[in-house]
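Contents: one structure, followed by commentary.
All of the numbers you see were taken from the coordinates with simple rules; none came from a lab. These numbers come from a predicted model, not from an experiment. Cβ sites come from the backbone with ideal geometry, for glycine too, and all protein chains shown count toward neighbours.
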Ligand SMILES: *Cc1c(COP(=O)(O)O)cnc(C)c1O
């Protein structure tokens, strides 16, 4: 059942004439799995449609934002009304306060919140704030954690314990990368060691409290609490990058799921409801250092954009709405659906005689073609890439749209139906059988 992607192939060839690699974000090019990326023309609910007329059940959800499904009726209606009132004013609106309030109610640690235009901008600004507030230059990040593409964080270390940063990309000055210390995820000894060496120079630790950019990797029991203790002890800030796991690991994000209060939190994806938004926020005394309240500069022509705020508000209202009597809330319902899917798929894994690992955090899920426990970037990298390719293409051919890379996470939305889940489980039986046949 080969997929007809003739028009997408032509569109991809033409795109490459005008856009580097034919895409505006690298993973969309299918480099990791090979083949032609479907060019998408529309989406509704759990489905997306390509220009060749193929229909897919979508588990990418625009890489996380579409938690209420594509083109959700309430979000679309709100946007249609908003667009008639103008697309940007460059002046304060009621919408910005409304969204900030909604976020604060769900994540009370975010006492003050500043809107920006992407997750990258959120983490970049949070680091400047942490450095300005503490008067220190060094940042600790974790191997395999992605926080956007700005210079300070586009750094990972070589293997082994803490090393001084080596830029991940040409164009990142080593003078900047040098201030980024990278240590393995889930390794508390490495964190203790780096703090015992240079703790007084560290402005902040930034972490994906549930890591979704090396595949889905959960924090070990007690790990986040330990990081909270160490940072407090040394006067460094703890920054939770919840751009992806916010409102997914639990409604209140990983900080609610694990009961840890970070100093600063970065958000993006869901809070824009599919429009470009990011935000950072946290302790009032720290956030008050941001201009114009304080001296640390950060600004944005389109920040707090009325259309983006409108889509974000509509989305946040849906996910935080009081459930019907005795029903689980939105986030719990998604978690249950995701569990149904992964449980069903795990049956198919057994049936195929394979051994691999499923990870789930709320409405995020992922699998590793690796029999052993996966705790960090090194162990996630041991997942069999070839097996993932076979699984991915088989699923795509059967109309299931998953991330074209082992190192991405899959997402459930409120629009996915029982039927979608059953179809996906059935498709996975075929895909896992293919992987098993290839392994022999
Ligand atoms: C997506 C993501 C970012 C970057 O957000 P952009 O909007 O793509 O700039 C940062 N941190 C995490 C954890 C992410 O998943």
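Cα centroids of region 286-330 and region 97-131: 8 Å apart. Shown is the FRET efficiency for residue 62 and residue 322, computed with R0 = 30 Å from the Cβ-Cβ distance and rounded to the nearest 0.05: 0.65. Here, region 249-352 has an Rg and a Dmax of 18.5, 61 Å when only alpha carbons are counted. Cut-off 15 Å, label point 7 angstrom out along Cα-to-Cβ of residue 88: give me the residues of region 293-309 whose amide nitrogen falls inside. Residues 299-309 fall inside that zone.
Peptide packing: for 268-274, 190-196, the average count of neighbouring Cβ atoms within 10 Å per residue gives the ranking 268-274, 190-196, highest mean first.
Spherically averaged projected area of the convex hull of Cα atoms, region 73-320: 13.0 nm².
At a Förster distance of 45 Å, what's the computed FRET efficiency of residue 232 paired with residue 426, Cβ-Cβ distance as r, to 0.05?
Details: r = 50 Å, r/R0 = 1.10.
That pair, residue 232 with residue 426, gives E of 0.35.
Pairs of Cα atoms nearer than 8 Å and 6+ residues apart set the relative contact order; for region 73-320 it is 29 percent.
Contact order, relative form, for region 15-66: 16 percent (alpha carbon pairs under 8 Å, 6 or more residues apart, mean separation divided by residue count). Here the chain yields Rg over Rh of 0.96, to two decimals, using C-alpha coordinates and the Kirkwood radius.
Cα centroid distance between region 212-276 and region 339-378, in Å? What the calculation gives is 22 Å, centre to centre.
One decimal place: the segment residue 41-residue 373 gains 115.6 nm when fully extended, by the rule 0.36 nm per residue minus the C-alpha distance.
So how far, in whole Å, is the C-alpha centre of region 192-207 from the one of region 2-79? Using only Cα atoms, the two centres lie 41 Å from each other.
Could you check the spin-label model distance between residue 31 and residue 168? Points 7 Å from the Cα along Cα→Cβ, value in nm. About 1.2 nm, to one decimal.
Relative contact order for the chain: what is it in percent, counting Cα pairs under 8 Å that are at least 6 residues apart?
Answer for the chain is 21 percent.
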